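The block underneath contains the structure these notes are about, expressed in C-alpha cells.
Please treat every number below as a calculation from the coordinates, not as lab data. Note that this is a predicted model, so its numbers are computed, not measured. Counting neighbours? That spans all protein chains shown, and the Cβs are built from the backbone with ideal geometry, glycine included.
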Amino acid sequence: MLTDSDPDHACDDPQSPATPLLRLPGTWIAQLHTTFAYLAFAAAFAVACYTHYHKIVRNEFFGYPQEWLPSVSATIGDRYPARSIFQILIALTAGPRFLLILLWFALCQATPQGRAQWTPKVLLGVGLVRTVSCGGWVYITSTDDHTTHDVAMITYMLCTLPYMLCMLSTTAYTPLALTHRRGLEAAKKWRGIFFFSFFAAIVPLVYYFIQHKVHHVPGAYSIYAIFEWSLIILDVAFDAVSVFEFSLVDIVVRASAASNKKTDASHLAVLADPDTAAAAEATVRSGFIGCLLSPGLRHFVADSYMAFVFWTLFTALGACIWYFPLWHMGISGYEAFLFITLSPFLLGIGPLRRLIRTHRAIFHALSLVGIAAYMVPDPIPRLLMVSAGTGLSTLTWAATWYESKGPALVGRLDYDVMTWLTGLVFSVIVKAMGRTNNLAWPIMNQETGGWNGVALVLGLAACVDILVRGGTAFDSDPPSNLGQRGGASALAGLASSAGLGSLIFCLHSMYTDSSTISRWVVDGYPNPGPSPVPWGFLIIFAQIVGAMLSPRAFVRSWAWFGAGCVFTAILYTFPGTPGFLGGVLMAAFATSITPLFIQSASRFAPGRTLGLAMFIYCLLVLAHVWVVAYAFVPGGPVLRERTWVVLSVMMALIGLGFTSALDSSAVRHAPAALRNYSGFISRRFTRYQKRQVLSTWAGLLALAFGVMLVRVPTETPAPYHPEAKVLTTAIWTIHFALDNNMWVSERRMINAIRELEIDVIGLLESDLGRIIMGNRDFLQSLAEELNMYTDYGPSPIKHTWGCAMLSKFPIKRSSHHLLPSPDGELACAIYATLDVYGKEVDVIVSHNGQEEDPIDRFLQTTELARIMRESYNPFVFLGYVVTKPHQKIYNILINDGRMHDIDPSDSDRWCQYVAYRGLQRAGYARVSRGTITDTEIQMGKFIVDDNTYNNTAVDARSAQNLRVSEDHYPPALHFPAQFRGKGVRGHFYHVFNEPRYFE
C-alpha cells in the first residue's frame, strides 16, 4: 500500500483492525537499486582487471598498450569470475528495479492529474520492456549468441529515450510537485542534467566506435569505452533521482482482512484539480489503449501524415522533372512543371479557398494521385500525376494556413504548422530508412524497395480520419477585412511572401534529407567530416529542437536572424566538422522561425501572398540549379559557381520576412479581433495539444535514433580475393542513379558491382545533393550493402556533377580537385591513396568536361597527367576523358602521366578509360550497362604482390599486350562467368567475345 510518509498521513488505517507487519521507506528502493547496480559494474571491473586485464583490453585489431581500458561487454561478459560476480549482483538489482518502476507508476496514479495522463502507463510498459531487455544482453553475451545480444541491447537503447522522457514529464504528476516545490526543482534539475549528459555522450561514443571499427585507429576503442562506462553511470544516476519522490512514501505490508479488501481513498493523498477531474475520469475509463488511440493524438498523426505526403510529393517533383533534361542534355520543356507549385495563387478565389478548407479531406485524397503514380511505368504520365498531386497538396496546405485563424480558432494555425513540420521530420526519417530514398516516392516501386502501396493505404486512412472528424469545428471565416482595405500594407505582405518563399526553399534544399549537410561539408581523408550515418541524426534532432524553440521570445528578434546568417556562413565557408555544426544550428534556426513566418503570411491576402511566396521559391530553385547547370541553360554563366549568391539572397529575403513578422505596425493594422492571437505557440496550445506534439516528436526521435543505430557499419570491408592479392577496379558513369525508365537504380547497381567482384570502383555523375535530384545520396546504399569505404567527391557546393569512389581497401589519404574549366562545366577528380594488401596504391577517379569545350579538356587532362606523373606509388586511373584513343588528349593522359592504357588496341572507347602504372595487369573487360544508365562498365584486374612491377618501368610482355588463355591465371583472377553470353539483367561482356587477359 502506498501512503504519504508524513506522520500526519500515517498509512495505518484507523478503521482497520490490521496493523502493519512491515514498513519500508520508499527511499530504500532507489538506494538499493543504485547501490546494487553500481556495485555490480564496479566489482566486475575490479575483478576482471585484476585477473585478465590484458585479455579484456584486447580487441579484434589491437591490444595493450594501444588499448588500455576494457569495454563494458568485455568486462561483464567475457571472463570468469568477473562475469559470475556481475550476474549475481545484477540479479539482486532486479527486485528493486521492478519495484522502482511499479512504485513510480503508483505515485503518478496518486493524483487525478496523473491518472488523466497516458505517460505513466507508457512509462510502465517501456520500463518493463527495458528491464527485461537488459537481462537479455546481460545474461546472453555476444560470445554466446551475438544476434540475440545485439537485439536485446538495441531494444534497451531504443527504450531509453521514451523512458527518460516519460520520467521527465511525469515528475509533475507526483505528489512531490504539489507538496515539496524545492524537492521538485532539485529532481527536475538533476534528471535534466543526467538526461542531456547521457545523450550527449552518445555522439562521441559512436564517433570513436566508427574510428575503431571502420578506420582501425589504435586506442579509439579505449576512448569509446570511456563513454560507454559514462552511459552506465549516467543511466543508473538518472533512476537514482527517484529518491526525491520516494521520500514521500512508505511501502506497508498488512495482514489481509475480509473487511479491508476494498482500498479506501484515505490511503492515498489525493490532490484534485477541478479543471481536469472530468478529463481524468474519462481517460482512466478509456484505459491504456484508449489513451494511445485518443482522438486528439489520432487526429494529429493523421494531419502529420498528410504533411508527410506533401513533403514526399514536393521532393519527388524535382527528381521526376530532372529525368527529362538529363536525357535531352539541356532544356526539355518539362521543367515548366516546377511552376505547378504556384497553385496557391488560386486562393484569391474566396469560395474555392473556403471549399478546400471545409472539405480538405477530399482535396488531400485527390493529392494522393501523386503517390499512386508509381503504378504507371511510363515516365511522362507519371510526371503528370506527380505534378497534379504536388499542386493539389500545396494548394490544400496553403488554404489550411490561411483559414486556420481568427478569434474562434485560437491555436489552430499553430497546430497546423506543427503538423506540417512533423511531416517534414517524418519524411526525413523515412528517407533515412530508405537510405536517402523516400520509400513512397513515385520513382520507386516494389522492385526497387519502395513501400508505395503502404504509403497510399495510410494516406487514404488519414483522409478518412480527417473526413469523419469534419471541418466545421474549425473552419469559420476569419474577419472579412483581413488583408483587404483595412489590412496590413502591401509592402509588408510582399516582405512576408519573400521571407516565407525563401524559408521553404531553405528547408527543401538543405533539410529534406539527413545527409545533405554532411555532403555539403565533405572533405578528403583522413578527415572527411561527419558521415551521414550516424551524424544525420543530429540534423533530425536539430529540426525538432528548432520547432520546440519556436515559442521562445528570442526567436522573434533580429539577434536570432543574425545568428542564422552566421550559421549559414559557417556552413558554406568551413569544411568538415565546423561546417557541419553550422548546418546543424541552421536546421534549428530554420524550423524555429517557420511558425512565425507562416503566421505572418496568413495575415495577408492569401492568393497574392502565398502564391508570390511560391513564385520566389521557384526562382530560388532555378538559381540553385543554374549554379551547376550553367553550361546547358540560357543565361547560365551569370550564376556560374555562385552558390554564395543564392545563399546570400536566401538569407536577405528571410531578413525581409523578419521585417514583416516583427513589424508592430502590421499587427496594429490587423483586425482588432486578431491582435491578441499573434502570441507564442505555448500560449495558444492547450495542454493536451502540447502533449500530442511532444509525444509524437519523442517517438520520431526514438525512431530516428534506432534507424541510425542499426545502420552504423560494424564489419570491416575486405577484398573479394585476398588470397590472390588481386585488385579489381572499374569505372562507371551512373547517370545520377536514375535509370532509363525513371526508377532509382541502386539495387541493380549493387547487384552488378557485387557479382562482378569489384574492389575499387569510380562512379561518375554521382552528385545528387540538389533539389532536382531529390537530395539523395545513393552512396549510402552501395556502401552499406557492399560493405565498402566511400569517398564522396567535391561537395555539391563545389558545382560539379560529382564523382565518387567505393573501395574494399582502407583509404589512407585523399584530396578533391576542381580541374581547370574556363569555358564549360566544372570538372572534378578524387585523388586517393589506398592501403592495398599493405602497399600504397594511388587511384584517380575523374570526370572531364564535354566535347564542346576542347580547351577545358586539354587543361583538365594536363592537370591529371601532372598529378599522376608526380606520384611515386603504383597508380590506377579511372576516368571520363571524352576522346578517341591515340588522339591529343589521350596522349597527354598516357604519355605525360607516365601511365599505360589497359588496352591500347581497343579503339571503340570514347568517354571512359582505365590506365595503370606499377602493377601487374591481369585482365580487362567491358560490361554492358543494361537499362541502368547510358554508359558501360569498364574493368581492370591487377595483381599486387612483392613482385609488382616498379612504377618507372613496365614488363616487356605487358607492354606488348600479349594475350594468354584464361587458364593461365588461377580462378581468383577470372572475370565472373555469369556475364558471358546473354549475361544477367542486361549486363554482359560485349565488344569482345570474351574478356581480355594478359600476362
**Prompt:** Which of the lysines could a cross-linker span from Lys888 if the Cα-Cα distance has to be under 28 Å and same-chain partners fewer than 8 positions apart are dropped?
**Reply:** Lys941
**Item:** Largest to smallest principal axis extent of the C-alpha atoms in the range 490-560, angstrom
**Value:** 53, 23, 20
**Message:** Can you give the Rg/Rh ratio of the range 520-560, where Rg is from the C-alpha atoms and Rh is the Kirkwood radius?
**Reply:** 1.20
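If you take every DSSP beta bridge fully contained in the range 724-997, what fraction is antiparallel? Give it as a percent rounded to 5. Walk me through the numbers on the way to the answer.
On the way: 53 of 64 bridges.
Looking only at bridges with both residues in the range 724-997, the antiparallel portion is about 85 percent.
Using the beta-carbon distance between Arg869 and Arg640 and R0 = 41 Å, what value does 1/(1 + (r/R0)^6) give for FRET efficiency, to the nearest 0.05? Provide the component values of the computation, followed by the final result.
Working: r = 30 Å, r/R0 = 0.74.
Efficiency computed from Cβ-Cβ geometry: 0.85.
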**Message:** For a quick check: with amide H placed at 1.01 Å from N, whose amide H comes under 5 Å from Asp823's, ignoring anything fewer than 5 positions away on the same chain?
**Reply:** Asp856
**Request:** Take the alpha-carbon positions of the range 294-711, form their convex hull, and give its projected area averaged over all directions (one quarter of the hull surface) in nm².
**Result:** 19.4 nm²
**Asked** By how many nm would the segment from Thr577 to Val376 grow when fully extended, if each residue of separation counts as 0.36 nm and the alpha-carbon distance is taken off?
**Response** 68.1 nm
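How big, in percent, is the set of alpha carbon pairs in the range 801-884 lying more than 15 Å apart?
Working: 1928 of 3486 pairs.
Tail of P(r) above 15 Å: 55 percent of Cα pairs.
Can you compute the FRET efficiency between Asp823 and Val566 using 1/(1 + (r/R0)^6), with r the Cβ-Cβ distance and R0 = 41 Å? Round to the nearest 0.05. Don't skip to the answer; put the middle values down first.
Working: r = 36 Å, r/R0 = 0.88.
For R0 = 41 Å, the calculated efficiency reads 0.70.
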**Complete:** Straight-line reach check, Lys189, cutoff 23 Å on alpha carbons, 8 or more apart in-chain or any other chain, hits among lysines -> Lys690
**Item:** Residues of the range 416-455 with amide N under 16 Å of a point placed 7 Å along Cα→Cβ from Ala461
**Value:** 440, 451-455
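I need to check one value: relative contact order of the range 294-711, counting alpha carbon pairs closer than 8 Å and at least 6 residues apart, in percent.
24 percent
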**Request:** Taking every pair of alpha-carbon atoms in the range 764-805, give the share separated by more than 13 Å as a whole percent.
**Result:** 51 percent
**Fill in**
Per-residue Cβ contact counts at 10 Å, fewest first, order Lys121, Lys888 as Lys888, Lys121
**Asked** Among Tyr831, Tyr374, Tyr38, which comes first, then next, by fewest other beta-carbon atoms within 10 Å?
**Response** Tyr38, Tyr831, Tyr374
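For the residues Met939, Met306, Met650, what sequence is obtained by ranking on other C-beta atoms within 10 Å, fewest first? Don't jump to the answer; show the numbers that get you there.
Details: Met939 25, Met306 28, Met650 22.
Taking fewest neighbouring Cβ atoms as first place, the list is Met650, Met939, Met306.
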**Prompt:** Can you list the lysines whose alpha carbon is less than 20 Å from that of Lys213, not counting same-chain residues fewer than 8 positions off?
**Reply:** Lys55, Lys808, Lys812
**Item:** 10 °C / 1.306 mPa s Stokes-Einstein diffusion coefficient of the range 331-394, Kirkwood radius on C-alpha pairs, µm²/s
**Value:** 126 µm²/s
**Prompt:** Quick one: what does P(r) look like for the range 693-802 with 10 Å bins over all Cα pairs, in whole %?
**Reply:** 12, 36, 32, 16, 4, 1
**Request:** Determine which residues of the range 567-610 fall in the zone a paramagnetic label at Ser648 would reach in this model, i.e. backbone nitrogen under 19 Å from the point 7 Å along Cα→Cβ.
**Result:** 567-574
**Prompt:** How fast does the range 724-997 diffuse by Stokes-Einstein, in µm²/s, taking the Kirkwood radius from C-alpha pairs at 4 °C and 1.567 mPa s?
**Reply:** 70 µm²/s
**Request:** Show the residues, 5+ positions off or on another chain, whose built amide H is closer than 5 Å to the amide H of Ala922.
**Result:** Lys941, Phe942, Ile943
